[in-house]
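Contents: one structure, followed by commentary.
All of the numbers you see were taken from the coordinates with simple rules; none came from a lab. Every value quoted in this text rests on a predicted model; they were computed, and no experiment measured them. Cβ atoms come from the backbone with ideal geometry, glycine included; neighbour counts cover every protein chain shown.
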Amino acid sequence: MRIFPCSLFAAALALGACKPAPAPTPSTPAKAPAVLTSSTVPAVLQAFDPNTIPVSTVQLPPFPFIDLPRDVTSERHEDEAFDRVYVIAGQQLRPVEGRMSQRFFAPEAAGLSTLAAYRNYDALIKSIGGVQVNTVQPGDPAFIKKNGGVRKAILARLRLDKLEDKLPNDVPTFAQYLIRTATTNIWIAFSIEGDKHIGLLVLEEQAMQQTVGVVTAQEMAAALRQDGHIPVYLNFDTGSDVIRPESLPVVDEIVKLMEADPDLKLTVEGHTDTTGDAAENRVLSMTRAQSVINALADHRISGRRLRAAGLGGDVPIADNGSVAGRARNRRFELVRN
């Protein structure tokens, strides 16, 4: 285990033996950027612009970038090569995808109060280029109302099921940081649970590695003749209906399928996993299905032959309890009409 040092990166010192770091000089929080508007994506899904945060020039340690105190083990630990979590940027919820790590530990095991733990991690994260970007707490009534009105559902999206409401002496129970690098964005959430455990959630944004080969037009046609439907997989920008360039070969194969059979009519069904709000997932799956149809129209495939449907996470084909299962569920079904 790497050492979490009192002097931030002085590796010879263990956090558990250190005095609490002094309170940092208050700084003016970064202003949230203007909210982009879209006719197809709900406001809750619109992206916070990370370009408002300066690029860090600090050479970062290996993922997950920050460690536990020396000789303290994580009482719960989850690592995923690819997953989606929600963060708070400004006063907005923002879905982000990539490599994720979440750990919890008891601060008393390191001889720390909750305030000392917060001060040390706040100083450490800022020393490697992190900027606190949340200007609202997850339990704020206005924030809850804006994002569906159900506190439990919001905390589930943030992976904060047991978040402490309030602590004595105004100790923050949640802080969201962003480290912007030349190649990616790193989101770090510090939290304090109801049992006074410290939570550290780190997500490094990255696109999902494409592990499934492109299904050919001939394979699609055979499946449609035999089964009446076939799943296909495309990557989109996070929280949007923009098809990523690496998925355009899949669109090309659907074009070939439609050109080879001029009488073929299809429903393009959008499906998601069950992460997040069900209603929002249905909207997003519908707008993405329509984006596929728009892409086909760009190749002169008539819209009269196509219909979009958004089913969200209502029709899974795999277990949503695993990363692999959620990846399989985030799909499109081409259904013969």
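Data for the structure
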| item | result |
| --- | --- |
| Size of electric dipole in the range 118-184: Cβ of Lys, Arg +1 and of Asp, Glu -1, about Cα centre, debye, nearest 20 | 240 |
| Lys/Arg +1, Asp/Glu -1 at C-beta; the range 217-336 dipole; positive extreme among 303, 229, 242 | 303 |
| Whole-angstrom gap from the range 219-260 to the range 267-337, using each part's C-alpha centre | 11 |
| Prolate/oblate/rounded call for the range 224-337, Cα gyration tensor, a/c under 1.5 rounded | prolate |
| Formal net charge of residues neighbouring residue 206 (Cβ-Cβ distance under 9 Å; K, R +1; D, E -1) | -2 |
| Assigned charges on the beta-carbon of Lys, Arg, Asp, Glu; the range 233-309 dipole about Cα centre (debye) | 320 |
| Among 182, 148, 167 the positive-end extreme of the charge dipole of the range 134-185 (Cβ point charges) | 148 |
